[in-house]
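Chemist: First the structure, which I've put down as structure tokens, then a few questions once you've had a look.
The numbers here are math on the coordinates, done by the rules we state, and not lab data. What you are looking at is a predicted structure, and each value in this text was computed from that prediction instead of being measured. With ideal geometry, Cβ positions are generated from the backbone for all residues, glycine too; neighbour counts draw on all protein chains shown.
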Amino acid sequence: MVTFLMILEAIICIALIAVVVLQSGKGGGLAGSIGGGADSVLGGGQKKGLDAALSKITMFLGGLFAIITLILVKLMS
């Protein structure tokens, strides 16, 4: 049981890293502060379909990772 959960946690961890890397940048830094004002005025502040889906997947995988980690801690102690 513990081995299965550890393997599952490793798979979720790799998937979580991949999903975070696939997300587009939020426009931080100097370039984002100069050009970001026009985006918010012109409607660029809304999330696109893929970004919204990746954001939801990230939250789901993060929650699942936390739950499995807590279960593993409980089983191993």
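Chemist: Mind giving me the nanometre distance, one decimal, between the label points for Met76 and Val20, set 7 Å out from Cα along Cα→Cβ?
Modeler: Calculated label separation equals 1.9 nm.
Chemist: With θ set to phi - 60° and the Karplus curve 6.51 cos²θ - 1.76 cosθ + 1.60, what are the ³J(HN,Hα) couplings of region 13-18 in order, to the nearest whole Hz, using x for Gly and Pro?
Modeler: Computed from phi, the couplings for region 13-18 are 4, 5, 5, 5, 4, 5 Hz.
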